[in-house]
1. All but one of (1) surrounded by fewer than 15 Cβ atoms within 10 Å (Cβ to Cβ); (2) hydroxyl-bearing (Ser, Thr, Tyr); (3) in contact with a Lys or Arg (Cβ under 8 Å, 6 or more places away or on another chain) hold for THR79, so report the exception by its number.
2. What are the pairs with Cβ atoms under 6 angstrom where one residue, in region 88-108, is touching a residue at least 24 places away in the same chain (Cβ under 8 Å) and the other, located anywhere, is surrounded by 21 or more Cβ atoms within 10 Å (Cβ to Cβ) and of a type in the set (Asp, Glu)? Sequence gap at least six, or different chains.
3. Would you mind telling me which numbered condition in (1) modelled with pLDDT of 95 or more; (2) more than 12 Å from TYR94 (Cβ to Cβ) VAL48 fails?
4. Return the residue satisfying two criteria in turn: it lies in region 35-60 and is within 14 Å of the chain's Cα centre (by Cα) and charged (D, E, K, R), and of such residues it is nearest to ALA24 (Cα to Cα).
5. List every residue pair whose Cβ atoms lie under 6 Å apart, where the two residues are 6 or more positions apart in sequence or sit on different chains, the first residue falls within region 35-58 and is closer than 13 Å to PHE99 by Cβ, and the second residue, located anywhere, is open to solvent by 70 Å² or more (accessible area, probe 1.4 Å) and charged (D, E, K, R).
6. Report the residue count in region 106-127 for those that are open to solvent by less than 40 Å² (accessible area, probe 1.4 Å), within 21 Å of LEU86 (Cβ to Cβ) and not aliphatic (A, V, I, L, M).
7. With the requirement that a residue be surrounded by fewer than 17 Cβ atoms within 10 Å (Cβ to Cβ) and either of a type in the set (A, V, I, L, M, F, W, C) or closer than 20 Å to GLY15 by Cβ (or both), what does region 49-68 give you?
8. For ALA98, work out the one condition from (1) open to solvent by less than 20 Å² (accessible area, probe 1.4 Å); (2) more than 17 Å from VAL5 (Cβ to Cβ); (3) of a type in the set (A, V, I, L, M) it doesn't fulfil.
Amino acid sequence: QLHLVESGGGLVQSGGSLRLSCAASGFLVDSNAIGWFRQAPGKEREGVSCISTNGMTTDYSDSVKGRFTVSRDNAKHTTYLQMTDLKPDDTAVYYCAAFVTPSSLQNLCIMTDGNYDYWGQGTQVTVSS
């Protein structure tokens with residue numbers, strides 16, 4: 001199983017940057033794709049990014065493409081979401097999530113929350129105008 005812990009959220013002005021971290025632990029730590037999701041008050045949870053188990057495939061929602069960058073450091077079992085040019089609409093609780101991938105799907109990157117089995121506790125990102 002996997003245990004995920006997000007960190008790095010906070011309050012930032014519009015146009016600023018934050019880097020979120022997702023630290024993973026557990027005996028499936030080396031066999032998981034990671035997704036980043038966010039949920040703003042009164043809105044559905046939405047996918048913002050994903051990265052495959054092998055780190056070779058990434059994807060982004062249209063709203064963050066060009067501003068956010070996802071990466072992972074497997075030696076540290078940590079995935080990062082570098083967020084730049086933040087906007088008030090980016091304000092949300094950000095979650096990382098994981099699903100276990102078999103050996104044949106090490107390059108799979110899916111940005112749909114229903115595919116994910118393990119979730120972190122979330123970290124608040126607030127962007128002021």
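1. Failing condition for THR79: (1).
2. Short answer, once both residue conditions are applied: CYS96/GLU6.
3. (2)
4. Filtering first and then ranking leaves ARG38.
5. Hits for this filter: PHE37/ARG45.
6. 3
7. Across region 49-68, the qualifying residues are MET56, SER61, ASP62, SER63, LYS65, GLY66, ARG67.
8. Only one criterion in (1) open to solvent by less than 20 Å² (accessible area, probe 1.4 Å); (2) more than 17 Å from VAL5 (Cβ to Cβ); (3) of a type in the set (A, V, I, L, M) is unmet by ALA98, namely (2).
The values are calculated or read from the model by the stated rules, or taken from the named source; none is laboratory data. What you see is a predicted model; the values in this text were computed from it and never measured. Backbone-built Cβ (ideal geometry, glycine too); neighbour counts: all protein chains shown. To get the accessible areas, we keep the full protein, side chains included, count just its heavy atoms, and leave off ligands, DNA and RNA. Shrake-Rupley method; radii C 1.70, N 1.55, O 1.52, S 1.80 Å.
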